[in-house]
1. For the range 221-252, which positions are of a type in the set (A, V, I, L, M) and part of a loop (DSSP other than H, G, I, E, B)?
2. Which of (1) surrounded by fewer than 18 Cβ atoms within 10 Å (Cβ to Cβ); (2) out of contact with any helix residue (DSSP H, G or I) (no Cβ under 6 Å at 6 or more places or on another chain); (3) outside any helix (DSSP H, G or I) does R99 not meet, given it meets every other one?
3. Which of the following residues is crowded, with 19+ Cβ neighbours inside 10 Å, of a type in the set (V, I, T) and either in contact with a His (Cβ under 8 Å, 6 or more places away or on another chain) or free of Cβ contacts under 8 Å to residues at least 24 places away in the same chain (or both): T232, T170, T185, T249?
4. Please work out which one of (1) closer than 15 Å to P128 by Cα; (2) buried (at least 17 other Cβ atoms within 10 Å of the Cβ) is the condition H191 fails and give its number.
5. Return the residues of the range 116-133 that are out of contact with any helix residue (DSSP H, G or I) (no Cβ under 9 Å at 6 or more places or on another chain) and either closer than 23 Å to P60 by Cα or assigned to a strand (DSSP E or B) (or both); say none if nothing qualifies.
6. For D201, are the conditions met, namely being touching a residue at least 60 places away in the same chain (Cβ under 8 Å) and on the phi > 0 side of the Ramachandran plot?
7. Check whether at least one residue in the range 147-164 is closer than 19 Å to W236 by Cβ, out of contact with any Leu (no Cβ under 9 Å at 6 or more places or on another chain) and assigned to a strand (DSSP E or B), and report yes or no.
8. If you check D107 against the conditions, is it acidic (D, E) and either at pLDDT below 90 or under 29 Å from I213 (Cβ atoms) (or both)?
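The values are calculated or read from the model by the stated rules, or taken from the named source; none is laboratory data. None of the values given here were measured: they were computed from a predicted structure. Heads up, the Cβs are rebuilt from the backbone with ideal geometry, glycines too, and the neighbour counts pull from every protein chain shown.
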Amino acid sequence: MVDVTAAAGRSAGGLPEYDNTYSTTGHVGTSFAAPIAAGGAANLKHQLIDKWGASIANQPGFLHAMLLLMGDGQLESGGKATATTPVDDLWGTGRLRMRLWTPEGLDAPYRFAFVKRVLSDGDTTSIPLYPDAYGVNQAIPTAVDWFKAVVWWYEPNVNQPFGFPAQLRTRVCDEDSALCYTYATNTPDVHRLWIGGPVRDRRWRIDITGLSIPADLDPDDYYGQQKRAVYTAFYWEDRARDDADGPDTGIQ
């Protein structure tokens with residue numbers, strides 16, 4: 001399963017295709033794409049070390065979720081992903097668009113966050129998208145027109161001959177109207193939650209539920225326990241690209 005896609009070729013002039021078209025001329029293939037994705041992961045890890053320290057950067061779950069958050073949602077059908085679209089078998093979470101999780105890389109008003117929760121069978125955990133200093137969820141600012149989240153977990157039982165994978169349900173819910181976008185699967189999978197303008201002026205949260213979490217059969221993980229470590233990364237922002245210190249108009 002492809003998790004994230006990168007440029008697959010070099011132009012006739014010998015330069016990597018880093019433009020928004022991802023067009024290819026000359027030679028193409030994974031020999032070009034894989035090093036770009038790997039290099040992106042290395043750069044991301046350096047950013048995590050600089051900003052949050054090695055204890056965060058050395059957790060593969062955070063690295064994995066944050067890198068997948070940088071996919072642009074491209075689908076094999078030619079469309080874009082929505083809040084309940086499964087991850088594409090060919091494109092994964094989309095084409096890699098590397099971002100800085102800093103004022104220089106995000107357009108204010110914005111928020112970027114990453115969360116690890118250990119989920120037991122039958123449990124639900126909730127993550128507010130805009131908590132104040134007391135943890136009370138607030139309405140997302142009016143200028144915000146983009147929200148994207150990734151929920152990822154390591155599923156150990158796929159490597160075991162008699163293992164059954166966990167079934168998780170993710171929901172992004174509007175607390176002011178009780179509207180929820182829901183995605184559930186028992187296939188080891190990234191969960192992608194992606195919506196645009198409707199997030200503004202409302203209070204939103206992410207709910208993650210362990211619909212069925214069987215015993216972990218990995219001796220190096222939560223062996224014998226009905227638990228999974230679940231990693232969530234999300235951001236919302238204004239895409240006007242009008243900040244003096246923010247990203248330029250070419251950054252999606």
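1. Restricting attention to the range 221-252, the residues satisfying the condition of being of a type in the set (A, V, I, L, M) are 229-230, 233, 240, 244, 251.
If the condition is that a residue be of a type in the set (A, V, I, L, M) and part of a loop (DSSP other than H, G, I, E, B), then A240, A244, I251 are the ones that fit.
2. (1)
3. Working: T232 fails: either in contact with a His (Cβ under 8 Å, 6 or more places away or on another chain) or free of Cβ contacts under 8 Å to residues at least 24 places away in the same chain (or both); T185 fails: crowded, with 19+ Cβ neighbours inside 10 Å; T249 fails: crowded, with 19+ Cβ neighbours inside 10 Å.
Of the residues listed, the single one that is crowded, with 19+ Cβ neighbours inside 10 Å, of a type in the set (V, I, T) and either in contact with a His (Cβ under 8 Å, 6 or more places away or on another chain) or free of Cβ contacts under 8 Å to residues at least 24 places away in the same chain (or both) is T170.
4. Going through the list (1) closer than 15 Å to P128 by Cα; (2) buried (at least 17 other Cβ atoms within 10 Å of the Cβ), H191 breaks only (1).
5. From the range 116-133, those out of contact with any helix residue (DSSP H, G or I) (no Cβ under 9 Å at 6 or more places or on another chain) are 117-128, 130-133; that's our starting set.
Result: R117, V118, L119, S120, D121, T124, T125, S126, I127, P128, P131.
6. Values: touching a residue at least 60 places away in the same chain (Cβ under 8 Å): yes; on the phi > 0 side of the Ramachandran plot: yes.
Considered against the rule, which asks whether it is touching a residue at least 60 places away in the same chain (Cβ under 8 Å) and on the phi > 0 side of the Ramachandran plot, D201 comes out as yes.
7. So the first thing to find is which residues in the range 147-164 are closer than 19 Å to W236 by Cβ, and the list is 147-152.
Now drop any that are not out of contact with any Leu (no Cβ under 9 Å at 6 or more places or on another chain), which leaves none.
No, every residue in the range 147-164 fails to be closer than 19 Å to W236 by Cβ, out of contact with any Leu (no Cβ under 9 Å at 6 or more places or on another chain) and assigned to a strand (DSSP E or B).
8. Numbers: acidic (D, E): yes; either at pLDDT below 90 or under 29 Å from I213 (Cβ atoms) (or both): no.
Considered against the rule, which asks whether it is acidic (D, E) and either at pLDDT below 90 or under 29 Å from I213 (Cβ atoms) (or both), D107 comes out as no.
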